[in-house]
1. Just the residues that are farther than 20 Å from residue 63 by Cβ and in a strand (DSSP E or B), please, taken from region 117-160.
2. Filter region 162-194 down to residues that are part of a loop (DSSP other than H, G, I, E, B) and under 18 Å from the mean Cα position of the chain (by Cα) and give me whichever is nearest to residue 122 (Cα to Cα).
3. Does residue 155 qualify as being surrounded by fewer than 18 Cβ atoms within 10 Å (Cβ to Cβ), under 22 Å from residue 91 (Cα atoms) and at pLDDT 95 or above?
4. Among 86, 63, which is the only one that is touching a helix residue (DSSP H, G or I) at 6+ places or on another chain (Cβ under 6 Å), at pLDDT 95 or above and under 26 Å from residue 154 (Cβ atoms)?
5. Just wondering, is there one or more residues in region 104-124 that are surrounded by 18 or more Cβ atoms within 10 Å (Cβ to Cβ), under 29 Å from residue 152 (Cα atoms) and at pLDDT 95 or above?
6. Under 7 Å between Cβ atoms, which residue pairs at least 6 apart in sequence (or on different chains) link something in region 184-197 that is over 15 Å from residue 130 (Cβ atoms) with a partner that is at pLDDT below 95 and surrounded by 20 or more Cβ atoms within 10 Å (Cβ to Cβ)?
7. Among residues belonging to region 92-103 that are assigned to a helix (DSSP H, G or I) and touching a helix residue (DSSP H, G or I) at 6+ places or on another chain (Cβ under 7 Å), point out the one that is surrounded by the most Cβ atoms within 10 Å (Cβ to Cβ).
8. Could you please find all residues in region 10-33 being part of a strand (DSSP E or B) and either surrounded by fewer than 13 Cβ atoms within 10 Å (Cβ to Cβ) or within 15 Å of the chain's Cα centre (by Cα) (or both)?
């Protein structure tokens, strides 16, 4: 694709926080115009039944791309970018993992709040010493080319991953970010992601690191 052409990239997620983070990190790619999935008449039903982050990211990207392919040519995005990300806690054998967003649904039902998920995590780690509360945020990204019609298959263009090491503290700190950010202490910052602010988080987070790899791939492989 010609590097001088404007490429419409739709972020395939219903999570407004993720869309905002991705748009901020990709803002310096002048040839990319980032849009949210709100351009779709309705959000596609995505069943995230993968066993790994990358499997779920592919499911989401391909599902959103199929939905986007139904749009008129002048409004249809060229690419869809989806992520799957979550928290892996060593003392919990990698949980909540791919179930991070719905970790406490066994207690609260579908679509539990961040506060409910955080509360379950703290309860699960009750009595665990500070040194054993190590964890990492993991993000996988899948970029796909949107087909011209729903009958055609979407093409996977790039896949990247990133992670950020830290530990889970004993109570929330900071009102920023989302998800488990107020519980995730980052040694490089000396604070939680909930306290760090968007600018710092977008330099060190798992999603930022995966996006930086994606930007390199877009520049070297796709914008020629």
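The values are calculated or read from the model by the stated rules, or taken from the named source; none is laboratory data. In this text the structure is predicted, and so the values were computed from the model without any measurement. Backbone-built Cβ (ideal geometry, glycine too); neighbour counts: all protein chains shown.
1. Residues of region 117-160 that are farther than 20 Å from residue 63 by Cβ, as a first pass: 117-138.
134, 135, 136, 137, 138, listed by residue number.
2. Step one: list which residues in region 162-194 are part of a loop (DSSP other than H, G, I, E, B), which gives 169-180, 187-190.
Still in the running and under 18 Å from the mean Cα position of the chain (by Cα): 176-180.
Values: 176: 19, 177: 18, 178: 16, 179: 13, 180: 11 Å.
Only one residue tops the list, namely 180.
3. Working: surrounded by fewer than 18 Cβ atoms within 10 Å (Cβ to Cβ): yes; under 22 Å from residue 91 (Cα atoms): no; at pLDDT 95 or above: yes.
Against the criterion (surrounded by fewer than 18 Cβ atoms within 10 Å (Cβ to Cβ), under 22 Å from residue 91 (Cα atoms) and at pLDDT 95 or above), residue 155 does not qualify.
4. Values: 63 fails: touching a helix residue (DSSP H, G or I) at 6+ places or on another chain (Cβ under 6 Å).
Criteria check complete, one pass: 86.
5. The answer is no; no qualifying residue exists.
6. Note: pairs meeting the criteria are 189/196; 193/177; 193/201; 193/205; 194/177.
7. Let us first name the residues in region 92-103 that are assigned to a helix (DSSP H, G or I), namely 92, 97-102.
In the following step, the residues that additionally are touching a helix residue (DSSP H, G or I) at 6+ places or on another chain (Cβ under 7 Å) were identified as 92, 98.
Working: 92: 17, 98: 21.
Ranking the qualifying residues of region 92-103, first place goes to 98.
8. As a first pass, look at region 10-33 and keep what is part of a strand (DSSP E or B): 10-11, 32-33.
The answer is 10, 11.
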